[in-house]
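So the structure is just underneath, and the comments pick up after that.
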Amino acid sequence: MAESLSQDEVLEAVARHIGRPGQGPRLRRTGADITRLPMLDLRVVRSVETRTTRAETRPGRYDISGLPTFEGKLRDHPVEPPRNPARSGRLELVLSGSARTVDCGCDEGRQPCARCRARGTLDCDIGPSCPVCKGVEPCTWCDGTGERRKDRATSGPAGEKGPSGRTTCLKCRRARTACPQCRGRGTEQCRRCEDTGFRVCPVCAGERSTKHAPCDGTGLITRWTAGSVGHAPERSTTRLPDPAPPLRVRQQAGRTGAWQRATLTRAGEPLPDALDPAHVKAVASALESRPGEVARQVDIGWLPLVSVAMTDDPDHVFYVFPGSGGLEVLPVWSRRRSLRAAAVVAAVVVLLLLVAALV
């Protein structure tokens, strides 16, 4: 197809587009700069394979009879490549003869409770401060310790009448010395342990042991050597020329251009004969085999594209490419005209700012 875009055909297509049919040769004489910019759209999807082995364990008698097996080294086991390289997949296998069920080594499926350290109980925090004495003077005799205070003089022998409203202390048993609310404790009674100082462990419920997690309480473990063969797609894209033509040209060529396309599915498969010579090296480099590649799909699209800049029309560049009905011509502004338009816009903006400042 590239050979079909001769200079004469390109110039005649431009001449027809500007309303001067038959004057293609005249455009050449007046000065026409023709640049070939063949377009390439190369998309590659490779399926890359990875193989790993690992030790696996499951609690109890675990059934792995439904998994396929492999012998010897996993790298030597034949696995069919995926039919669609764009799809991910994983095959799980078992090394032949590696599966066995063994005793866990625990105490018949139980293990000491880690929360209470096999005591069955937990220390309980004391309750909140007494709302009456605030824990400051729960007992005038022992201060809630159960023993006589040594830093103050006592109010008299046991049984002697003490301060009004006081009651017998639960700690030292002294009459009429304790706060009537907490009775010498200095705190409210703990509702969880009723002031015993310990409570039942919520993890083991006082049993001092819990189910052994690795064997799920069965006392047995199934072990085997597992193998995994994974397939993951890796995608790459190459688009030429570089730098790319203007966006408008790329969009129009993508919609109406008569692209030639080919699909390759094997490494080393010959490239299409019609591929533009300017692209052969780039395509060959992009299609080199990658480590672990087991399958591929290569979609190649190419389209001849020519730009024409004419001396007698410096404001436009004409892009020519084959379409479904013949050669299509798409004019775009030249760099010179784009810069001039940008300068005009900038001048208008400056003028508007000056007017706004004066108003």
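For the chain, take the longest principal axis of its alpha carbons; what is the angle in degrees between that and the long axis of helix 335-358, to the nearest 10 within 0 to 90?
For helix 335-358, the angle is close to 60 degrees.
Find how much the distance from Arg235 to Thr50 grows on full extension, using 0.36 nm per residue of separation minus their present alpha carbon separation; answer in nm with one decimal.
Details: separation 185, 0.36 × 185 = 66.60 nm, distance 1.64 nm.
Additional length available on full extension: 65.0 nm.
Which of Cys113, Thr53, Gly31 sits closest to the plus end of the dipole of segment 1-130, meaning its Cα is farthest towards the positive end, when Lys and Arg get +1 and Asp and Glu get -1 on the C-beta?
Of Cys113, Thr53, Gly31, it is Gly31.
Take the chain, connect every pair of alpha-carbon atoms lying under 10 Å apart with a spring to form a Gaussian network, then pick out the residue of Val345, Val94, Val317 with the largest mean-square fluctuation.
Val345
Over segment 85-135, what portion of Cα pair distances is larger than 14 Å, expressed as a whole percent?
Taking all Cα-Cα pairs of segment 85-135, the fraction more than 14 Å apart is 79 percent.
What is the helix-to-structure angle for 277-286, meaning the angle in degrees between its Cα long axis and the longest Cα principal axis of the chain, kept from 0 to 90 and rounded to the nearest 10?
Once rounded, the angle reads 20 degrees.
Against the longest alpha carbon principal axis of the chain, how many degrees, from 0 to 90 and to the nearest 10, is the axis of helix 7-17 turned?
80 degrees
Please compute the net charge surrounding Leu11, taking Lys and Arg as +1 and Asp and Glu as -1 over other residues with Cβ under 12 Å from its Cβ.
Once positives and negatives cancel, what remains is +1.
Based solely on its DSSP helices, what 222 nm [θ] is calculated for the chain when runs of n ≥ 4 H residues each add -39,500 (n - 2.57) and the sum is averaged over all residues, nearest 500 deg cm²/dmol?
Taking each H run of at least 4 residues, the total per residue is -5500 deg cm²/dmol.
Counting only pairs 8 or more places apart or on different chains, how many lysine pairs in the chain have C-alpha atoms closer than 27 Å?
Taking the Cα cut-off of 27 Å, the pair count is 6.
Given a Förster distance of 51 Å, report the FRET efficiency between Arg100 and Gln251 from their Cβ-Cβ distance, rounded to the nearest 0.05.
Given R0 = 51 Å and the Cβ-Cβ separation, E is 0.20.
Counting C-alpha atoms alone, how compact is the chain: give Rg to one decimal and Dmax as a whole number, in angstrom.
44.9, 135
Read-outs: derived from the displayed coordinates by stated rules, not from any lab. Worth saying up front: this structure is predicted, and the values here are computed from it rather than measured. Glycine also receives a Cβ, built like all others from the backbone with ideal geometry; neighbour counts cover every protein chain displayed.
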